[in-house]
Amino acid sequence: MAHILLLYSGVYGHTRRICERMQAKLTGLGDLVELAPLGEFTADPAGYDAILIGASIRNGKHNPAVTDFIARHKALLDQKPSGFFSVNLVARKPHKNTPETNPYTKAFVAKSPWQPKLLGVFGGDLDYQRYTAFDRNVIRFIMWLTKGPTDPSTKDEYTDWDEVERFAARFSDLARGLSAGAPGG
């Protein structure tokens, strides 16, 4: 059993839903999981066996709170089993849904001083009606550029929930490897 800290940064709730699914999977595998919004987490992350961070993309960027957390805790993240996943609409495309092919995940890894031991990327959901007017227009423009749906009544989910659970199981294996004293974490 590993004690896992699962932090998320999102805007409209879908990243939290993904994390809740991961939490259920990890708990089912016997891990103890604390789920918290990254911006509200104030405890010492050193008390956990492993740390997993999920962050959505908004207007082309991850929330600066993600990079702030990484900057403050880089040594700890490097020392423990750690992972990162991005939630974005570009990942709706089959050739953009892996950490190696997703432009947001690739940019995150290239710019980050922290190199997570496990990376993931998941398609988000598209619900124009819940967005602010500004976000709706920005997202419609991005969808137009990337040949996605632009109809303002569109409500589609692009998350591969089976892949979310497989990723959670891989993270559990990673977390248990270090907590069991395996070399390399």
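Below is a table of values for the structure above.
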| quantity | calculated |
| --- | --- |
| Two-site label geometry, Lys147 and Glu34: point separation in nm, points 7 Å out along Cα→Cβ | 4.7 |
| Gaussian network model of the chain, Cα within-10 Å springs - most flexible of Trp114, Trp161, Trp144 | Trp144 |
| From phi via Karplus (6.51, -1.76, 1.60), per-residue ³J(HN,Hα) for the stretch 35-48 in Hz, x at Gly/Pro | 9, 8, x, 4, x, 10, 6, 10, 6, 7, x, 5, x, 10 |
| Placed amide H near Val121: partners under 5 Å, 5+ positions off or other chain | Ser86 |
| Residue of Gln129, Gln23, Gln79 that the Gaussian network model of the chain assigns the largest fluctuation, springs spanning Cα pairs under 10 Å | Gln129 |
| Scaled radius of gyration (Cα, divided by 2.2 N^0.38 Å) that the chain gives | 1.02 |
| Using alpha-carbon coordinates, inclination of helix 64-79 to the longest axis of the chain, degrees | 30 |
| DSSP bridge orientation in the chain - percent antiparallel, rounded to nearest 5 | 15 |
| Vicinal HN-Hα couplings computed from phi for the stretch 150-165 (Karplus, 6.51 cos²θ - 1.76 cosθ + 1.60; Hz; Gly/Pro x) | 10, 4, x, 8, 4, 9, 10, 10, 10, 7, 8, 5, 5, 5, 4, 5 |
| Karplus-derived HN-Hα couplings along the stretch 125-135 (A = 6.51, B = -1.76, C = 1.60, θ = phi - 60°), whole Hz, x at Gly and Pro | 10, 10, 9, 4, 5, 8, 7, 5, 4, 4, 4 |
| The chain - mean residue ellipticity at 222 nm from DSSP helices (-39,500 (n - 2.57) per run, n ≥ 4, rounded to 500) | -12500 deg cm²/dmol |
| 16 Å reach of a label modelled at Lys155, 7 Å along Cα-to-Cβ, counting backbone N of the stretch 1-16 | 12-14 |
| The chain: most fluctuating residue of Arg130, Arg16, Arg58 per GNM, C-alpha cutoff 10 Å | Arg130 |
| Charge dipole magnitude, Cβ of K and R +1, D and E -1 - the chain, Cα centre, debye nearest 20 | 560 |
| Order of Ser86, Ser9 - criterion: other Cβ atoms within 10 Å of each residue's Cβ, fewest first | Ser9, Ser86 |
| Likely footprinting exposure, Phe171, Phe69, fewest C-beta neighbours within 10 Å first | Phe69, Phe171 |
| Straight-distance crosslink candidates among lysines, where the alpha carbon sits under 18 Å from Lys96 and sequence neighbours closer than 8 are dropped | Lys61, Lys106, Lys147 |
| For Val33, distant residues with modelled amide H under 5 Å away | Ile4 |
| Other-chain or far-sequence residues with amide H under 5 Å of Gly54's (modelled H) | Leu7, Tyr8, Ser9, Phe85 |
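Throughout, read-outs are computed from the coordinates displayed, never taken from laboratory work. The structure presented is a predicted model; accordingly, all values stated were derived computationally and were not measured. Note that we place each Cβ from the backbone using ideal geometry, even for glycine, and neighbour counts take in every protein chain shown.
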